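Okay, so here's the structure we're looking at.
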Amino acid sequence: MQQNNLKIFIPLFIVLIVDAMGFGLVFPIIGPLLMDKHAGMLPISASIAERSMFYGLTNVSCFLALLLGAPFFGDLSDKYGRKKIIILCLFGIAFGYVISALALIVKSVWLFILGRMIDGFAAGSESIAQAAIIDISPPEKKTINLSLITVAGCFGFVIGPLVGGVFSDPSLNHWFGYMTPFIVALVLTLLNAICLFFTFTETHQALNKGKVQLLKGLTMFKAAFTNKTLKRISVIFLLMQVAWAIYFQLVSLIFTENYHYLPKQIGFFYAYLGLIISFTMMIMIRLFLKFVSEKKLVFIACIIAIVGVLLNILFQSKWMPWISVIFIALGMGLAYACILSFYSQSVSKEHQGWVMGVGNSVIAVSWSIGGAMISLISTAYFSWLLALMVLCYLIAGFSIRQLCLPTK
């Protein structure tokens, strides 16, 4: 990698590591926070089904806001440059953490949901970082470079849950609790913005000063399924992300309700998951791409993920999630960078920020669907959700075989 490109990669790595740390700090505690009868966020008489509903609603609202925010900020970065918009996103995320912390003080679940919505809307930094990497990547290096930038996020997500678990454990310090990870995430996000301001070199010149529509994300999401070039890619991506979202959001509730895990223990699991994805992005994807094409790799990834889900269905024990996640996370990691590369190959250089925003809008809807499924189906019937995951992976796996990418 050239020296000038390294000067761009390193700040982006720092941005994504710290950004993912913030997400990893707070996500593992949301399930226990809402399921804990003594946390005060919901009436002590609230049933498990009601608590699961609010858990799903919290995630749905966050990712529906992401549906609007990610493509909106991605398009903004095409128009006004990457650096300014990433910094704007980071300050928005910081404000969301402030609202969430206030919600814990006043014990308001609706204010907490508002804070998560603000964080979701402002969470466009990853798609902009992806576009910045594409700006400086030759076509033959796009998949590898996208996997590397994803590794940065995974690395942050490994550290985040561990730190969050420590800062939420009152047995270590009397003032640690559910609110502490939000405060730590706030500080990290502000430091992240300052670091980016002084170290990042702009990769994209502004195209124009045209009007930007707040609801353009809805139009972009529609384009994902009406544009002939993007339609099949988006269907495959939607199916795989719905399956991944169900698993990622469900496992916290399963550990809390079935195995009585504390936030610290859930944090350890998410860190373990992040390590698997990081290993996949850094090493496994490179090995696979030496022998198979990107299309075949996505098909293989679906099969691997199905094996992991079936293990959870057939062998329900407290240790099986720690084994099956190896297959599920491996499948997700192998497919993710390949599909982002498919998106990138489908549009011109001038629209890379736009198409990354489109891809992230598909993720937002997928995770909203996953949260809605958890709200509608009690955790007592989690096998139904796992069966839905298998169906999603099966359809995606067979659909990828019919995918035709444009030739340039």
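Whether any residue in the stretch 85-97 is modelled with pLDDT under 80 and out of contact with any His (no Cβ under 6 Å at 6 or more places or on another chain) is what I want to check.
Pass one, the stretch 85-97, residues modelled with pLDDT under 80: none.
For the stretch 85-97, residues modelled with pLDDT under 80 and out of contact with any His (no Cβ under 6 Å at 6 or more places or on another chain): absent.
Any idea which residue in the stretch 259-298 is nearest to ALA20 (Cα to Cα), counting only those that are in a helix (DSSP H, G or I) and among the aromatic types (Phe, Trp, Tyr)? Spell out the reasoning first.
Taking the stretch 259-298 first, the residues in a helix (DSSP H, G or I) are 263-289, 294-298.
After this cut, where a residue has to be among the aromatic types (Phe, Trp, Tyr) as well, the list is 268-270, 272, 279, 288.
Numbers: PHE268: 15, PHE269: 16, TYR270: 12, TYR272: 15, PHE279: 16, PHE288: 26 Å.
Per the criteria, the residue is TYR270.
Screening GLY177 with (1) over 22 Å from the mean Cα position of the chain (by Cα); (2) assigned to a helix (DSSP H, G or I) gives one miss only, at (2).
Could you check, for the stretch 97-105, whether at least one of its residues is among the hydroxyl-bearing types (Ser, Thr, Tyr) and under 21 Å from ALA193 (Cβ atoms)? Show your work before the answer.
Pass one, the stretch 97-105, residues among the hydroxyl-bearing types (Ser, Thr, Tyr): 97, 100.
Cutting the leftovers down to under 21 Å from ALA193 (Cβ atoms) gives us 97, 100.
Yes.
The residue list PHE157, PHE167 contains one member that is over 20 Å from the mean Cα position of the chain (by Cα) and in contact (Cβ under 8 Å) with a residue 24 or more places away in the chain, which is PHE167. Residue count for the stretch 317-355 under the criterion of being farther than 30 Å from LEU215 by Cβ and without any contact (Cβ under 8 Å) to a residue 40 or more places away in the chain: the result is 6.
Take the residues in the stretch 192-206 that are aliphatic (A, V, I, L, M) and either more than 27 Å from PHE13 (Cα to Cα) or surrounded by fewer than 17 Cβ atoms within 10 Å (Cβ to Cβ) (or both); name whichever of them is modelled with the highest pLDDT. Talk me through it step by step, then tell me what you get.
Our first condition is that a residue be aliphatic (A, V, I, L, M); within the stretch 192-206, this holds for 193-194, 196, 206.
Applying the additional criterion that residues be either more than 27 Å from PHE13 (Cα to Cα) or surrounded by fewer than 17 Cβ atoms within 10 Å (Cβ to Cβ) (or both) yields 194, 206.
Details: ILE194: 88, ALA206: 63.
Top of the filtered list is ILE194.
Checked against (1) of a type in the set (A, V, I, L, M, F, W, C); (2) free of Cβ contacts under 8 Å to residues at least 60 places away in the same chain; (3) surrounded by fewer than 20 Cβ atoms within 10 Å (Cβ to Cβ), ILE276 passes all but condition (3). Within the stretch 79-99, if we keep just the residues that are in contact (Cβ under 8 Å) with a residue 60 or more places away in the chain and surrounded by fewer than 24 Cβ atoms within 10 Å (Cβ to Cβ), the residue that is nearest to THR180 (Cα to Cα) turns out to be VAL98. Within the stretch 24-56, the residues that satisfy the criterion of being more than 17 Å from the chain's Cα centre (by Cα) and among the β-branched types (Val, Ile, Thr) are ILE44, ILE48. The number of residues in the stretch 207-226 being at pLDDT 85 or above and under 16 Å from GLN352 (Cα atoms) comes to 2. Against the conditions (1) among the hydrophobic types (A, V, I, L, M, F, W, C); (2) closer than 26 Å to LEU196 by Cβ; (3) touching a helix residue (DSSP H, G or I) at 6+ places or on another chain (Cβ under 6 Å), LEU111 satisfies every one except (2).
Given the structure, is GLY92 in a helix (DSSP H, G or I), over 20 Å from GLY56 (Cβ atoms) and more than 16 Å from the chain's Cα centre (by Cα)? Considered against the rule, which asks whether it is in a helix (DSSP H, G or I), over 20 Å from GLY56 (Cβ atoms) and more than 16 Å from the chain's Cα centre (by Cα), GLY92 comes out as yes.
The values are calculated or read from the model by the stated rules, or taken from the named source; none is laboratory data. Just so it is clear, the model here is predicted, and its values are computed rather than measured. All Cβ positions, glycine included, derive from the backbone under ideal geometry; neighbour counts span all protein chains shown.
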